[in-house]
Amino acid sequence: MDDAAKVLAVEEIKKLKARYFRAIDTKDWSLLEQVFTDDATCDYRGAATDPSTGTNAVPVATETVLQGKAAILASLKTGLAEVVTVHMGYMPEIEVTSGTGATAIWAMSDTLRFPAGGALGGLSGSGHYHETYERIDGKWRIKALRLTRLRVDVVEAR
Amino acid sequence: MDDAAKVLAVEEIKKLKARYFRAIDTKDWSLLEQVFTDDATCDYRGAATDPSTGTNAVPVATETVLQGKAAILASLKTGLAEVVTVHMGYMPEIEVTSGTGATAIWAMSDTLRFPAGGALGGLSGSGHYHETYERIDGKWRIKALRLTRLRVDVVEAR
Amino acid sequence: MDDAAKVLAVEEIKKLKARYFRAIDTKDWSLLEQVFTDDATCDYRGAATDPSTGTNAVPVATETVLQGKAAILASLKTGLAEVVTVHMGYMPEIEVTSGTGATAIWAMSDTLRFPAGGALGGLSGSGHYHETYERIDGKWRIKALRLTRLRVDVVEAR
């Protein structure tokens, strides 16, 4: 790949990740379906656990690695449909390794506001996504995602 | 446009939006004037309204669409000159549609700290900008901006 | 430089700044060492001071300009090794001024959580980095960094 093709691929992967975030935050599940490869895996284990304390704030459905697009979609829909989520992604380090492969580390922060009446008001966390991408039929897709955390803060119910 | 010209246009639009944010947050009104086309429109309706409750937190001057650069500048100056603002923009999805036209969706979060003594301490919100751009005399400008919200939180006065 | 080389340099500088943030937040000091030129300077003066009040929240080691990579590393290690930090960088305005020089303004927010038992729980701030870069042996490095603040908020000890 020449320089121009490489930076274009980087930009396309940034937009792919933007659609991932926007789909989750606006609950656009058909958009979300388009960002993953069929065999994608998502590892959100520890997403609700502050690294300093090791305590899992909520019994979230993130304690197994999600295998395949269908399982990922089902889990995110079940877990987040009634949750107001805001995801912030920034400072990507994207490496295009070939015409059809790439990896990235993304810094991220998110805030979750749970439905009223629950034991917990919300969660707020920060960390990094570690991802790989595959280009299929000219379109970049997320093939593997793993989340690590710097901190997770509990927001008390009001 | 070839690939290199396209990614350069994307980068120029990112810097344009960066100047929009920086101008507002540092109250650099002459810089802000340079980011809009003369006929720009800004639709901030609902910027202070949490989507879950529908309640407008403050009677802000955002309930009409601002028409034209002069009206936009006047409104932002009046509304924000005494407010400490922090705007965060991230995860743009920029589509360059021609040599002189482009659209984008930006994820965003902002925090406003109102002057002491008022009824409200501040606001904190997240959402998306939906924008169009026009390139005039070789320079990209914001032609239309519309803000949608995921959540808006009130910060109590201290 | 042609367009493709210029946007590639911009992307490399973005990744350089991403490594700066990631190194600090994950306490990867050997990674941090690689982001600075030997003669780099870092000016974090006022990083803990809210511009509205002028009060310095904590007696942080940021009241002199750090001169040289060794001094920068020593100061950041001493000041932050026991602090949970989250740095967010966004909206860069990068200007590549030559094949080996560049400048940038970055918008930023950070949150610091101090070790339990201290007088202060943490700090949360936003502002801008004003930076210059130098390309040495084909690799971009931070040569000068200066931080200005829009706001700094104190988080009470729990």
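Which one of these does C:Trp106 not meet: (1) at pLDDT 90 or above; (2) surrounded by 17 or more Cβ atoms within 10 Å (Cβ to Cβ); (3) more than 13 Å from every other protein chain (Cβ to nearest Cβ)?
Just one mismatch for C:Trp106, condition (3).
Looking at B:Asp2, B:Asp39, which is the one that is surrounded by fewer than 16 Cβ atoms within 10 Å (Cβ to Cβ), more than 9 Å from every other protein chain (Cβ to nearest Cβ) and over 14 Å from the mean Cα position of the chain (by Cα)?
The match here is B:Asp39.
If B:Leu66 satisfies all but one of (1) among the hydrophobic types (A, V, I, L, M, F, W, C); (2) surrounded by 20 or more Cβ atoms within 10 Å (Cβ to Cβ); (3) over 23 Å from B:Gln34 (Cβ atoms), what's the number of the condition it fails?
Every condition holds for B:Leu66 apart from (3).
Can you name the residue in region C:42-54 that is surrounded by fewer than 20 Cβ atoms within 10 Å (Cβ to Cβ) and over 23 Å from C:Ala81 (Cβ atoms) and, of all such residues, is farthest from the other protein chains (Cβ to nearest Cβ)?
C:Gly54
Kindly provide the set of residues from region A:80-98 that are of a type in the set (Ser, Thr, Tyr) and more than 10 Å from chain C (Cβ to nearest Cβ), ordered by number.
Across region A:80-98, the qualifying residues are A:Thr85, A:Thr97, A:Ser98.
Return the residues of region A:5-16 that are under 17 Å from the mean Cα position of the chain (by Cα) and more than 7 Å from chain B (Cβ to nearest Cβ); say none if nothing qualifies.
Correct list: A:Glu12, A:Ile13, A:Lys14, A:Leu16.
Kindly indicate the residue of region B:24-36 that is closer than 17 Å to B:Leu112 by Cβ and crowded, with 19+ Cβ neighbours inside 10 Å and also nearest to the chain's Cα centre (by Cα) among those meeting that condition.
Filtering first and then ranking leaves B:Ile24.
Looking at region A:122-129, can you tell me whether even one residue there is away from every other protein chain (no Cβ under 12 Å) and under 21 Å from B:Thr53 (Cβ atoms)?
The answer is yes; a qualifying residue exists.
Failed condition for C:Ile72, given (1) more than 12 Å from chain A (Cβ to nearest Cβ); (2) surrounded by fewer than 18 Cβ atoms within 10 Å (Cβ to Cβ), with all others met?
Tallying (1) more than 12 Å from chain A (Cβ to nearest Cβ); (2) surrounded by fewer than 18 Cβ atoms within 10 Å (Cβ to Cβ), C:Ile72 fails exactly one: (2).
Are there any pairs, at least 6 apart or on different chains, whose C-beta atoms fall under 8 Å, with the first in region C:50-70 and among the acidic types (Asp, Glu) and the second part of a loop (DSSP other than H, G, I, E, B) and modelled with pLDDT of 80 or more, and if so, which?
Listed pairs, sorted by first residue: C:Glu63/C:Arg45.
Kindly establish whether C:Lys27 is of a type in the set (Lys, Arg), more than 14 Å from chain B (Cβ to nearest Cβ), touching a residue at least 12 places away in the same chain (Cβ under 8 Å) and farther than 25 Å from B:Met88 by Cβ.
no
Condition test on A:His128, is it touching a Ser or Thr at 6+ places or on another chain (Cβ under 9 Å), free of Cβ contacts under 8 Å to residues at least 40 places away in the same chain and of a type outside the set (Asp, Glu)?
Considered against the rule, which asks whether it is touching a Ser or Thr at 6+ places or on another chain (Cβ under 9 Å), free of Cβ contacts under 8 Å to residues at least 40 places away in the same chain and of a type outside the set (Asp, Glu), A:His128 comes out as yes.
Can you tell me which residue in region A:6-23 is surrounded by the fewest Cβ atoms within 10 Å (Cβ to Cβ), limited to those that are touching a residue at least 24 places away in the same chain (Cβ under 8 Å) and within 17 Å of A:Ile136 (Cβ to Cβ)?
Among those residues, the one meeting the criterion is A:Glu12.
When region A:86-110 is examined, which residues are found to be within 22 Å of C:Asp25 (Cβ to Cβ) and touching a Lys or Arg at 6+ places or on another chain (Cβ under 8 Å)?
Of everything in region A:86-110, those that are within 22 Å of C:Asp25 (Cβ to Cβ) and touching a Lys or Arg at 6+ places or on another chain (Cβ under 8 Å) turn out to be A:Val86, A:Gly89, A:Met91, A:Pro92, A:Glu93, A:Ile94, A:Ala104, A:Ile105, A:Trp106, A:Ala107.
What about C:Val58, is it within 14 Å of chain A (Cβ to nearest Cβ) and either over 24 Å from B:Asp25 (Cβ atoms) or touching a strand residue (DSSP E or B) at 6+ places or on another chain (Cβ under 9 Å) (or both)?
So C:Val58 fails the test.
The values are calculated or read from the model by the stated rules, or taken from the named source; none is laboratory data. Just so we're clear, the structure is a prediction, and the values are computed from it rather than from any experiment. Here the Cβ is made from the backbone with ideal geometry for all residues, glycine too, and neighbour counts use every protein chain on show.
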